[in-house]
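Everything on this sheet refers to the single structure shown next.
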Amino acid sequence: MKIYENLYIDAITDKILRIHSEKAAEMESFAVKGGLSLEGGLQKVTSSVWDKDVFATKSLEIQISSVGVMEIFDKGGKLLCADYAGERREVQSLPEEELEQMRQEGHIVHDQSETCKFQVFKCLAGDEVVYGLGDKTGFLNKKGYDFMMWNSDNPDPQVENQTFKAMYKSFPFFIVLREECVYGIFLDNTYRSYFDMGYESNAYYSFGAVGGELDYYFIAGDTIADIIKGYTALTGRAPLPQLWTLGYQQSRWSYRSADEVLEVARNLRKYDIPCDAIHLDIDYMEQFKVFTTNEKTFPDIRKLSDELAAMGIKLVSIIDPGTKLEKGYDVYDEGIREGYFAKDEDGEVYQNVVWPGDSVFPDFTSKRVREWWGSLTKRLTAKGIRGIWNDMNEPASFDGPLPDNVVFEGDGKKRLHREVHNVYGHLMAKATYDGLKAYDGRRPFVITRACYSGSQKYSTAWTGDNQSLWAHLQMSIPQLLNLGMSGMPMVGTDIGGFGSNATPELLSRWIEASCFAPLFRNHTAKYTKRQEPWQFGEEVTAINRKYIELHYKFLPYLYDLCYEQTKTGLPILRPLVMYDQHDRETWECNDEYMVGSKILVAPVVQQGATARMVYLPKGVWIDYWTGERITGKRYIVKEAALDVCPVYIKAGSILPTYRKMQSIEPDQIDTLVLEYYPEKKAGRTGFVSRWEGSSRYEHYQDNGVDFAYEDGEYNLYAFTFHAMRKNGLQVEMLHEGYGNKYKTIKAVVR
Ligand code: GLC
C-alpha cells in the first residue's frame, strides 16, 4: 500500500507492519523469505483498512502527515512510535589533519564521511531503553550509543566505546521499551548500516544503510516476549539441537596432535569432569587447507574419534571459508574449474590472505556453491567428526579488507561484496547446516562467528575473540542476553577468555557465570596460559566440576527451553526485564540473568569479591544452595565465596533434572528426577502434604539425535504437584510418540 511518494506499508500480521520502498517489494531477503530463507510461519493479517490518511489493522493505527511523517498508535490511541521531523543536531567532526594526528598517536578514529542512502529518524521520548542489536559490546541497554552493522574481525580487547561500533555479527534488530509500551524494529538490509540509538541527540534515534532499499518491519506487542516472537516468526527459530551439543565442550587453539587430544580427553575423565566434545582448531589440517587433515599429526582421525567415543567424547572441527590457493589441492582445483569462488571486477578469482596464506573465497550466495560446500562436510563426518565450527567467516582477511566491489555471481544474480558481506557467514552456516543434514542425517551442530538476522535457523554462535579480562566476563552477560533478544538462542562465550591469560579466580567465576549457557565451551588462544578445568590445581578443578555437573543436572530443563524456543523464539538466557518489564530495576540489570522463567543466576563478576548485591524481582525465590526462601522486589546481599555462584529458583517451580553423568548418552537416560520448589513448606503432617500450593510443568523428550520428532516421535509430559494428594505428583502424558522413555520418574521436594 503506497502511503507517501516512495513509501509503502504492508500489514504482515495485525501487529507486524512492513514499511518499504517500492523496489524493496521485489527484493529477495536473506533473513525473511524468498529462496534463500525459510518462511516464518506467520499468521496472515486478518483485516486491514485504508482510509484517507489512516492505515489500520485490528491492533494498530498508522497516521501519515501531508509530508509523509508517520505515527503508529495502538488501538487505544496510545502513540507507540513516531517519525522525528524536527531539526538534526549537527555532530561536529574534526578536520582531517586533526584526525590524522590522533591516528598517529594510535587512536582509532572512524571515518564519519560515509553517507547513508536512506536514514529513518524516530522520536525518543526520554524514558526508553533499547535492547537487541546482536553481539555489540557494552551494556544491556544500548541507548545513547551508536553502532555499525558490518561483520568485523577485530581481536583487540573489546570495550564499550566507539572503537567497537561493529562486531562479528549483524543483527539489525532492536527492541524499544518504555514505561507504557514496547515495540521492535528490524531493518532488513544487508549493506553496511548504522544505528544511532540517541548518540547524536536525546530527541531522536536513527537507522539507515549505505545501499539497498528502505525495508523495515515494525513489530508491536504487549511484552518483550511478544516482540521476539514476532521477529522470530519473520526470521525463523533455532531447530532442536542434538542433546549432546548442550554438554560441556573443551577447546584450545591449538591441540596439535591426536595424542594431545587423547591426553585432554583422559584428563577430563581422570578429573571427573563431564564433557561431550573436544574441538579441533586449525592445526588438525594440512597447511590449514580446509577439508584436509594433517597426516603426520592426526594420522587417523576416524580412529581418534572412535577412541574418544569410547570415553563419551565427540569431535568438532573448525572450517574457515578461506580456501588455500594451491594448484593440485582438490578443493581449490574443483572450485576453480566450476567457478565457485568470488571474483574481482575483471572476472579474475579474488585473492586475499588468511591462515593458509594466499586464499580464495567461496561464493556462498550461490546455491550450487552451498551444495558443493555442504557435500564436502562428508569428508569430515566420514572421519567421525560430529560438528562443524565455522570461523573467520565475516569474512576475515589479513591483507586488508575485501574491497566493496568483489563480485559474487550467485546463481545468475550478480551482487557486490558491499551488499553480501554481512550475510557471508550466514550463508556459510546455511551451507554447512544443509550439508550436514543431507549427508549425516542427524541434527546438524554448527557454530558460527559471523551472523545475520535469521542465522539461528542454521547455527549456534559464540561471541568470538574475547580476552581473559574481568571486563569481558562482565560483558559476556549483556552480550549473550542481547543475542538472545535478537533471536539467537544457542549462544556462549569462550569460557575463561580467549586472548590473554586467565587466573584461577577468573576461570572459576567464568565457569560459574556460564553454567547454564546453551553453548558451553572453554576455549583459549595459543600462547596463552592453558585453562582446561584442571590447570589451576584442586580448588579450581573442583569448582569447574561443580558447575559443569550443575549444568548437566539441569540438562532436561535446558532442552525443554530449546523446545519452547522452537515454538516461540524466546531465548534460553533472558534478562530480568523479560521476567517483569514493569519493574524498572530490571531494565539495566547487567550482571544477572534468568534461565527460562524459573532460575535466576547472579554470578560474581568482580575480581576479589566474595559477596554481591543481588536484585530479586517480585515473587518468592529459593536460594538453590541454602534453601532459604526470600521475598523479592528488593536487593539482598549474598555471601559468595569463590565456589559459590548465587542461583535462585522461583518458588512454585518444578524443574526436571538428570542424574550425574560424564557425557550425554540419550539411550542410557532412564530416570527423570523432578525437583519441586513449593511456594511454602508447611511442615510434615503424617505422610501428607509437606507444602502448600500446586504447580504444573510440561516436559519434552525425544531421541535427542535425529529428525524423527518431526514425524511425531516424541513424548510430552505434564507433571502436576498437588499439595493435598498423598504422593503429591500426578503425571499426565500429553503426547506419546514412542512409548514412555523413563523407567523411573521421581520427585523431590526442595
Ligand atoms: C580465530 C577464532 C578463534 C580460533 C582462531 C584460530 O581467532 O576466533 O576462536 O581459535 O581463529 O583458528
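The values are calculated or read from the model by the stated rules, or taken from the named source; none is laboratory data. Just so we're clear, the structure is a prediction, and the values are computed from it rather than from any experiment. Reconstructed Cβ throughout: ideal geometry from the backbone, glycine too, with neighbour counts over all protein chains shown. Areas reflect the complete protein model, heavy atoms only, side chains present, ligands, DNA and RNA absent. Shrake-Rupley method; radii C 1.70, N 1.55, O 1.52, S 1.80 Å.
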TODO: Can you figure out the FRET efficiency of Arg256 with Glu71, using R₀ = 60 Å and their beta-carbon distance, to the nearest 0.05?
DONE: 0.45
Open item on the list: For a quick check of your reading of the filter: which trypsin sites (Lys or Arg not before Pro) in the range 408-510 sit in a DSSP loop and have no more than 12 other Cβ atoms within 10 Å?
Closed with: Lys413, Lys414
TODO: At 1.4 Å probe size, with no ligands or nucleic acids counted, give the accessible surface of Tyr84 in Å², nearest ten.
DONE: 50 Å²
Open item on the list: No solvent, one uniform scatterer per C-alpha: report log10 I(q)/I(0) for the chain via the Debye equation at q = 0.05, 0.11 1/Å, two decimals.
Closed with: -0.25, -1.27
- [ ] Compute the distance in nm between two label points, each set 7 Å from the Cα along the Cα-to-Cβ direction, one at Asp706 and one at Lys303.
- [x] 3.0 nm
Task: Pairwise centroid distance, computed over Cα atoms, of the range 353-406 with the range 123-165, Å - done: 28 Å
TODO: At most 14 other Cβ atoms within 10 Å and a DSSP loop assignment: could you name the GluC sites (Glu not before Pro) in the range 64-109 that fit?
DONE: Glu87, Glu90, Glu105
Task: Dipole magnitude of the chain, debye to nearest 20 (Cβ charges: Lys/Arg +1, Asp/Glu -1, about Cα centre) - done: 3100 debye
Task: Charge dipole of the range 51-91 about the Cα centre (unit charges at C-beta), most positive-ward option of Val69, Gly86, Thr57 - done: Thr57
Task: Dipole of the chain, positive end: most advanced residue of Thr292, Thr232, Thr568 [Cβ charges, Cα centre] - done: Thr568
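If the only charges are +1 at each Lys and Arg Cβ and -1 at each Asp and Glu Cβ, what is the size of the charge dipole of the range 509-569 around the Cα centre, to the nearest 20 debye?
Using only the charged Cβ atoms, the result is roughly 260 debye.
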TODO: Report relative contact order for the range 139-241 in percent, whole number only (criteria: Cα-Cα under 8 Å, sequence separation at least 6).
DONE: 26 percent
TODO: Kindly report the accessible area of the range 527-614 per residue (heavy atoms of protein chains, probe 1.4 Å, no ligands, DNA or RNA), in Å².
DONE: 33 Å²
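On full extension of the chain, what length is gained from Asp399 through Glu5, given 0.36 nm per residue of separation minus the C-alpha to C-alpha distance?
Stretched out fully, the Asp399 to Glu5 stretch lengthens by 137.4 nm.
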- [ ] Search the structure for amide H atoms under 5 Å from the amide H of Ser366, placed 1.01 Å from N in the peptide plane, and list their residues when 5 or more places away or on another chain.
- [x] Gly410
TODO: Obtain the nm distance between the two label points defined at Thr720 and Ala25 by a simple spin-label model: each point lies 7 Å from its Cα along the Cα-to-C-beta direction.
DONE: 5.2 nm
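Computing the accessible area with a 1.4 Å probe over protein heavy atoms, can you report the carbon and sulfur percentage for the range 508-572?
Summing carbon and sulfur atoms, their accessible area is 49 percent of the total for the range 508-572.
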Task: the range 535-623: relative contact order in percent, alpha carbon pairs under 8 Å with at least 6 residues between - done: 17 percent
TODO: Excluding Ser305 itself, calculate the net charge of residues whose Cβ lies under 12 Å from the Cβ of Ser305, where each Lys or Arg counts +1 and each Asp or Glu counts -1.
DONE: +2
Open item on the list: For the pair His735/Cys116, report the inter-label distance in nm, with labels modelled 7 Å from Cα in the Cβ direction.
Closed with: 4.2 nm
Task: Order of exposure, largest accessible area first, which applies to Asp411, Asp344 with probe 1.4 Å - done: Asp411, Asp344
- [ ] Work out the charge dipole of the range 630-674 with +1 on the Cβ of Lys and Arg and -1 on the Cβ of Asp and Glu about the Cα centre, then indicate which of Ile636, Tyr658, Tyr648 is farthest towards its positive end.
- [x] Ile636
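Can you figure out the FRET efficiency of Glu585 with Arg750, using R₀ = 25 Å and their beta-carbon distance, to the nearest 0.05?
My answer for the efficiency is 0.40.
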- [ ] Quick one: grab the alpha carbon gyration tensor of the range 131-196, order the square roots of its eigenvalues as a ≥ b ≥ c, and give me rounded if a/c is under 1.5, else prolate or oblate depending on whether a/b is larger than b/c.
- [x] oblate
- [ ] Convert 37 °C to kelvin, take the viscosity as 0.692 mPa s, use the Kirkwood radius over C-alpha pairs of the range 516-668 as Rh, and evaluate the Stokes-Einstein diffusion coefficient in µm²/s, rounded to a whole number.
- [x] 193 µm²/s
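Using a probe radius of 1.4 Å on heavy atoms only, what accessible surface per residue do you get for the range 696-750? Whole Å² is fine. Spell out each step's value before the answer.
Details: 2910 Å² over 55 residues.
Value for the range 696-750: 53 Å² per residue.
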- [ ] Just check the range 319-365 against the gyration tensor rule for me: Cα atoms, a ≥ b ≥ c as the square roots of the eigenvalues, rounded for a/c under 1.5, and otherwise prolate or oblate depending on whether a/b exceeds b/c.
- [x] rounded
- [ ] Please report, in debye to the nearest 20, how large the charge dipole of the range 574-679 is about its Cα centre when each Lys and Arg carries +1 at its beta carbon and each Asp and Glu carries -1 there.
- [x] 280 debye
TODO: Return the carbon/sulfur percentage of the accessible area of the range 210-368, one whole number, probe 1.4 Å, all protein chains in place.
DONE: 46 percent
Task: Within the range 431-531, chymotrypsin sites (Phe, Trp or Tyr not before Pro) in DSSP loop having at most 11 other beta-carbon neighbours inside 10 Å - done: Tyr527
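Determine the equivalent ellipsoid of the range 480-580 by diagonalising the alpha-carbon gyration tensor, then write out the semi-axes as square roots of 5 times the eigenvalues, largest first, rounded to whole Å.
27, 15, 11
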- [ ] Would you rank Leu99, Leu734 by solvent-accessible area, highest first, keeping every protein chain in place and using a 1.4 Å probe?
- [x] Leu734, Leu99
- [ ] Starting from the residue with the highest accessible area, list Asp74, Asp404 in decreasing order, probe 1.4 Å.
- [x] Asp404, Asp74
Open item on the list: What figure, in Å² to the nearest 10, do you get for the accessible area of Leu480 with a 1.4 Å probe and non-protein molecules left out?
Closed with: 20 Å²
